[in-house]
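Notes follow the structure.
The values are calculated or read from the model by the stated rules, or taken from the named source; none is laboratory data. Keep in mind the model is a prediction, meaning the values are calculated, not measured. Cβ coordinates were reconstructed from backbone atoms using ideal geometry, including for glycine residues, and neighbour counts include every protein chain displayed. The accessibility values were calculated without ligands, DNA or RNA, using every heavy atom of the protein model including side chains. Shrake-Rupley method; radii C 1.70, N 1.55, O 1.52, S 1.80 Å.
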Amino acid sequence: MAKGVWIVAEQRGGALRKVSFEIASAARKLADELGEEVSAVLVGSGVEGLAPELAKYGVDKVYVADNAIYADYTTDAYSAAVAKVVKENDASILLLASSVQGKDLGASLVGKLATGMASDCTELKIAGGKLVAIRPMYAGKVFAEVGIESYPQMATLRPNVFAAVENAKAGAVVKFDAGIPADALKTKVLETQQDASGKIELTEANVIISGGRGMKGTDEYKILEELAGLLGAAVGASRAAVDAGWKPQSDQVGQTGKVVSPNLYIACGISGAIQHLAGMSSSKYIVAINKDAEAPIFAKADYGIVDDLFKVVPELTAAVKKIL
Ligand SMILES: Cc1cc2nc3c(=O)[nH]c(=O)nc-3n(C[C@H](O)[C@H](O)[C@H](O)COP(=O)(O)OP(=O)(O)OC[C@H]3O[C@@H](n4cnc5c(N)ncnc54)[C@H](O)[C@@H]3O)c2cc1C
């Protein structure tokens with residue numbers, strides 16, 4: 001019988017990503033309710049030493065596939081390794097991050113494991129011994145409760161939504177070899193180009209300041225960047241600003257951009273179209289700065305400032321400078 005709550009721990013360049021601790025904590029909660037163990041699959045090269053970090057967040061066992069062929073993420077190598085160990089151990093639940101890598105890996109695993117998956121979940125619970133995954137649909141207008149009949153019951157979890165809670169467990173390392181000959185892999189990473197700007201990744205940021213059409217142009221984003229620099233925030237944009245060529249598509253928040261869940265989201269000159277809200281409405285606190293008191297963003301905002309952003313943002317920056 002399928003048993004145990006499993007996660008795929010995500011690492012990049014030999015460091016675990018914050019979302020790995022969030023999914024480990026979510027898994028711990030489910031496992032405690034079921035009276036089962038949490039196991040993590042960690043795939044990479046030179047990653048065995050990361051196991052104790054996962055143990056801190058409630059992982060009982062860490063299955064490690066440590067091999068040079070996993071130095072760079074590729075769908076075929078990683079999914080073959082994860083599928084093998086999860087299948088052999090007859091996992092009941094398998095959780096991944098709803099990150100770029102997690103979405104790609106999840107889709108491949110669903111095929112390899114012949115099971116079902118709920119993606120981009122914002123809440124999980126157990127009912128009748130089975131997983132119930134809750135996910136926003138129709139741009140956040142409704143929340144669907146999804147049950148999966150096959151095993152493992154798979155779900156990807158939206159980053160920054162589930163709290164990372166320390167809860168030390170053994171984190172016993174179990175090494176495994178997926179037995180994949182390097183020449184059997186169809187893809188190979190030839191080169192990796194890193195964003196040299198040192199920008200904070202939007203999906204991992206605790207604070208995001210986004211600008212929309214109200215910003216009026218590229219140069220005007222400097223006022224957001226200055227405030228962001230002080231707050232350690234990332235700068236995002238609405239699609240209108242991206243379509244105008246003021247910001248790159250990689251900065252776009254929304255239905256056709258990135259889905260973010262920071263602690264604080266400051267929307268400047270953004271009206272609050274449903275497609276934008278789809279990408280940020282699960283933020284913990286939303287602040288809207290808009291000169292139109294009727295803008296729909298105010299219906300979602302925890303705090304609203306009805307005024308010209310070119311007046312408000314510099315005032316905010318000056319106030320933050322005084323505090324720091
Ligand atoms: C299929 C589809 C997918 C889409 N995906 C996305 C998506 O991923 N992300 C996204 O953002 N949009 C998306 N859109 C577009 C979306 O519908 C809106 O058109 C877009 O979000 C509007 O961007 P905006 O709020 O910046 O611009 P506007 O709606 O034009 O709003 C600008 C706001 O700025 C305010 N403003 C102007 N000047 C100032 C000032 N000086 N001070 C203060 N406030 C000021 C105005 O009052 C106004 O409310 C999508 C649309 C479709 C059809």
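With a requirement of 2 or more residues that are under 19 Å from G232 (Cα atoms) and free of Cβ contacts under 8 Å to residues at least 40 places away in the same chain, the helices (runs of 4 or more DSSP H) lying completely within the stretch 243-324 that satisfy it span 309-323. Among the residues of the stretch 50-79, which ones are within 16 Å of W6 (Cα to Cα), of a type in the set (G, A, S) and either over 21 Å from the mean Cα position of the chain (by Cα) or part of a helix (DSSP H, G or I) (or both)? Those that are within 16 Å of W6 (Cα to Cα), of a type in the set (G, A, S) and either over 21 Å from the mean Cα position of the chain (by Cα) or part of a helix (DSSP H, G or I) (or both): A51, A55, A65, S79.
Hey, among the residues in the stretch 225-248 that are in contact with a Gly (Cβ under 9 Å, 6 or more places away or on another chain) and under 20 Å from K284 (Cα atoms), which one's nearest to the ligand (Cβ to nearest atom)? The extreme case among them is S238.
So which residues in the stretch 127-169 are in contact with an Asp or Glu (Cβ under 6 Å, 6 or more places away or on another chain) and open to solvent by 30 Å² or more (accessible area, probe 1.4 Å)? Within the stretch 127-169, R135, F162, A164, K169 qualify. Scanning the stretch 55-73 turns up one or more residues that are acidic (D, E), at pLDDT 95 or above and open to solvent by less than 60 Å² (accessible area, probe 1.4 Å). Taken over the stretch 253-265, the criterion of being in contact with a strand residue (DSSP E or B) (Cβ under 9 Å, 6 or more places away or on another chain) and open to solvent by 10 Å² or more (accessible area, probe 1.4 Å) is satisfied by G257, K258, V259, N263, L264. Residue count for the stretch 249-267 satisfying the condition of being at negative phi, within 7 Å of the ligand (Cβ to nearest atom) and in contact with a helix residue (DSSP H, G or I) (Cβ under 6 Å, 6 or more places away or on another chain): 4.
Being in contact with a strand residue (DSSP E or B) (Cβ under 8 Å, 6 or more places away or on another chain), open to solvent by 20 Å² or more (accessible area, probe 1.4 Å) and closer than 20 Å to Y78 by Cα narrows it down to one residue among S108, S98, S119; which is it?
After ruling out the rest, the residue left standing is S119.
For the stretch 310-321, the criterion of being within 26 Å of K18 (Cα to Cα) and either near the ligand (Cβ under 8 Å from one of its atoms) or modelled with pLDDT of 95 or more (or both) is satisfied by no residue at all. Looking at K284, K300, K322, just one residue is surrounded by fewer than 19 Cβ atoms within 10 Å (Cβ to Cβ) and farther than 29 Å from M137 by Cα, and that residue is K322. A196: within 23 Å of V62 (Cα to Cα), open to solvent by 10 Å² or more (accessible area, probe 1.4 Å) and among the hydrophobic types (A, V, I, L, M, F, W, C), yes or no? Answer is no for this residue.
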